[in-house]
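Comments concern the structure below.
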DNA sequence: CATGAATGAGTATTCATTCAT
DNA sequence: TATGAATGAATACTCATTCAT
């Protein structure tokens, strides 16, 4: 019977799990409000009351508003890297792999998880605020870029992509496609459904970078 | 008597001109600092002292910090529309016209004039702040989109662009290209010079949307 | 059966002793940290972790931070009174007895035990905080003063001290000598060692109050 | 007539005078409340409403609560040094000069001006808070000590004071006498009037350090 | 009893905005 | 008109205290 032993370990892990759960709830609330209102318009009180806890409790999990923000971005960045890693391991063609990443990024159930991270780099406020504390995130970003670079260069080598276009530019443009935010710019009048948006974007991008049939 | 000639009109107009000049100086200073530091990190005092006037004077021209910001964006938006209008009137091919707009947007001497406008829509802070006061900018944006739509549809009609891709998507993606900011995302290590960036972006985009040679 | 011997009393007393021991440990830790950092810079957490217990446990012994402080001061005050009482009982001359008290107060091994008490009265923060809860300490202080008064008046009666100087003033000045803190004022550059400081202070004070040889 | 010239200088100086007046009022209020309640128990709001101004206005004059405190202490320190300097210049005997300083320090109209400065060095909180920002005050203190040293050493040379007692110890003890605060320790029961206190203190101290008539 | 997570009152500080000069 | 001193609402953060486990 497993009840023979009553180890203290699970207890510790329980507290730890509760703690992480709490942190996760805070991050989630923070994400929702931050996306809606932005960093400066969101107070710690707002976040706390969204979670249904007291202001002080937020500080038990994150030493400062900024650190909360950074944790949020870092988590999403890691999510993103994980998606790339999973896809990178497959044996499909380069295009298929890049498409897969795009699809997972646009997948509504995933999308929310990455918005802040994508948002952060789009705001002067945020970027300058981040610049200093980037040390930890930079290596993760570098890793992501390395993986993408490998995929794209395979695609070039296999004749899928145009070798005259710099890999760097492809990466940048590809990453641009990843920000669903960009597609709200001037489409608040929801006349293009997301379901039709993605295939067309894919079409433009991959046709755009495909090897020209001279 | 000096009242022989109608002195009021010119006087008013002079004052008015001076007034506008003042407002322009403030907007210019605001633009510079806002781009550098972001909305919240920029105080009215910062802007005033950049212009060399007192804080209170800013309020003689703009009723609030937010209105200053909105005036700034509106001005840039109008700039942008003007560029589109100028180009739209030409008789070049659709692609040539769209390329011309891109080039003027990327042109360093013009670029600064549009960055805030482009930046604003990339920050949750800004967007939510704007949402309410959009009434005035929305018609301008609609006008721009109408002009672009016309060009693109000409391009489709003339067989330049792929008719299977929705015009809306093309517009959105095209507007995305316009934000130089996007190309800083992960290119802080200046390995892709801007001069080579633009032609490649153009290449990808226009090849991407070009009619397929079945 | 273990109930043969009356186990309750010793058990309670053991618990009580443990309880008091705990309280003593807390007071000791509090003293160390409070002296180093001051009342406001010391958190209950600091004290608890210095003792190696949890924050809540401190509250099982002292109803508030302030009460902890008061208990500390009261204990030290009692210490001080005890020193006076021990010395007062001796048969030496008045001057020898007052000197003995001074020496024991300055004795490094004792000194720490009284610093907080002396410190408290030197800080406006502390005094105002104390003012209300003085009721309990006041009688102890009165007792100390009575003892000192007796010694001094003996000294006067025996011709040791100048009868023209008020006993009250002598007491006040004498108590002033007791605060080693005072001698840090401007001697941070440690050029006067404590060992030479005390004899000279004694010399000045007792010569100062000695009967004048007309 | 002096009204012939309407110089702008006086206007500037008026503003400047108003500004200084305001700062003085703040310092005065701060002093009163700080002495009563101590640093931590005094909020900027308390000070502001004591002066009858808004919180923000305090910050127009002092960049932080701490700086306000430092300004206060520094001002009082300078007051003290000025007293010493004035007295030091006289040609009286050493004792007379030291007595003069004591009297001026105890003079009720002056006393309030120095209490904070004397208080600060009596609180662990304050001292540690000050330690860092002492750079500016240290030279002033050193100057004061140099002046006092000179007087005392003259006294020794002239046979007024006992040469066997270290000048440093005399200075320290003398400075101790200067803190009226010390004489409240245990004399809240106003049985010794200040008028009789001072002469007796003087008597003890100067008899204490006087050359012994072997 | 002991714990330490949760609380929320309290505070320093900032800055857009106003208005007397 | 221009100024900039004054204002006070807003907000991040701390920490004594409580209480469920």
Using a label point 7 angstrom from Cα along Cα-to-C-beta, what distances in nm, from shortest up, separate residue C:45 from the other copies? 2.2, 2.4, 3.3
Averaged across the residues of A:135-142, what count of C-beta atoms belonging to other chains lies within 10 Å of each residue's C-beta? 1
How far is residue A:135 from itself in the other copies, in nm, if each label sits 7 Å out from Cα along the Cα-Cβ line, shortest first? 2.6, 5.1, 5.6
Residue order, fewest to most surrounding Cβ atoms within 10 angstrom, among D:164, C:143: D:164, C:143
Given points 7 Å out from each Cα along the Cα-Cβ axis, report the residue B:109 to residue B:195 separation in nanometres with one decimal. 1.7
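For residue B:16 and residue B:41, what does the FRET efficiency come to when R0 = 51 Å and r is the distance between their Cβ atoms, rounded to the nearest 0.05? Present the calculation step by step, with values, prior to reporting the outcome.
Numbers: r = 33 Å, r/R0 = 0.65.
Computed FRET efficiency for residue B:16 and residue B:41: 0.95.
Shielding by partners for A:204-211, please: the mean number of other protein chain Cβ atoms within 10 Å of each residue's Cβ.
Across the residues of A:204-211, the mean count of other-chain Cβ atoms within 10 Å is 6.
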Spin-label model distance (nm) - residue D:66 vs residue C:32, 7 Å beyond Cα toward Cβ: 2.6
Across peptide A:31-41, how many C-beta atoms of other chains are within 10 Å of each residue C-beta, on average? 4
I need the peptides D:52-62, C:198-208 ranked by packing, meaning the mean over residues of other C-beta atoms within 10 angstrom, with the highest value on top. C:198-208, D:52-62
Would you list D:73, C:83, A:81 from fewest to most Cβ contacts within 10 Å? A:81, C:83, D:73
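Just so you know, all these numbers are worked out from the coordinates, no wet-lab data involved. Here the structure is a predicted model, which means the values were calculated and not measured. When we count neighbours, we look across all protein chains shown, and the Cβ atoms used for this are built from the backbone with ideal geometry, even at glycine.
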